[in-house]
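Chemist: Please find one structure pasted underneath; my questions will follow.
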Amino acid sequence: MAGRIPVEDHAVSFAQRFIGAETLPSRMSELDVQQFFSLSKDDISAVCERFRDDRRVAAAIQLLFLRASGRPMDRFATVPKVLLRSVCEAVAQREHRQSAITL
């Protein structure tokens, strides 16, 4: 069994694989988004209260990257589709709920 990584070590490396990253990966799985890049209701409320409509998605992605990697994202060329979709849906749901309350 030489060369095999114990399950415990593999779990730690999985949980920490974004720590220290400088950019977003070019591809991301649904599991990555659920485990490392998901917004709570409090996150969404904070982003929506502090940022204008046209800045919310970028602010949310920056928050998620900071939380997952432990550092701010200096630059990015692309955002994985699955992450962008997830963040847009979360922010849009919050905005939809808010507009329904004010009607």
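Chemist: With a 1.4 Å probe and all protein chains in place, put 48, 88 in order of accessible area, largest first.
Modeler: Reading off the accessible areas and sorting them downward yields 88, 48.
Chemist: If you don't mind, another one. Once phi is turned into θ = phi - 60°, what whole-Hz ³J(HN,Hα) does the Karplus curve with 6.51, -1.76 and 1.60 give for every residue of the range 72-88, x standing for Gly and Pro?
Modeler: x, 8, 6, 7, 7, 8, 9, 10, x, 3, 5, 6, 4, 4, 4, 5, 4
Chemist: Short version: ³J(HN,Hα) in whole Hz for each residue of the range 57-64, in order, from phi by Karplus 6.51 cos²θ - 1.76 cosθ + 1.60 (θ = phi - 60°), x for Gly and Pro, what are they?
Modeler: After applying 6.51 cos²θ - 1.76 cosθ + 1.60, I find 5, 4, 5, 5, 5, 4, 4, 5 Hz.
The values are calculated or read from the model by the stated rules, or taken from the named source; none is laboratory data. Since we're looking at a predicted model, the values are computed, not measured. To get the accessible areas, we keep the full protein, side chains included, count just its heavy atoms, and leave off ligands, DNA and RNA. Shrake-Rupley method; radii C 1.70, N 1.55, O 1.52, S 1.80 Å.
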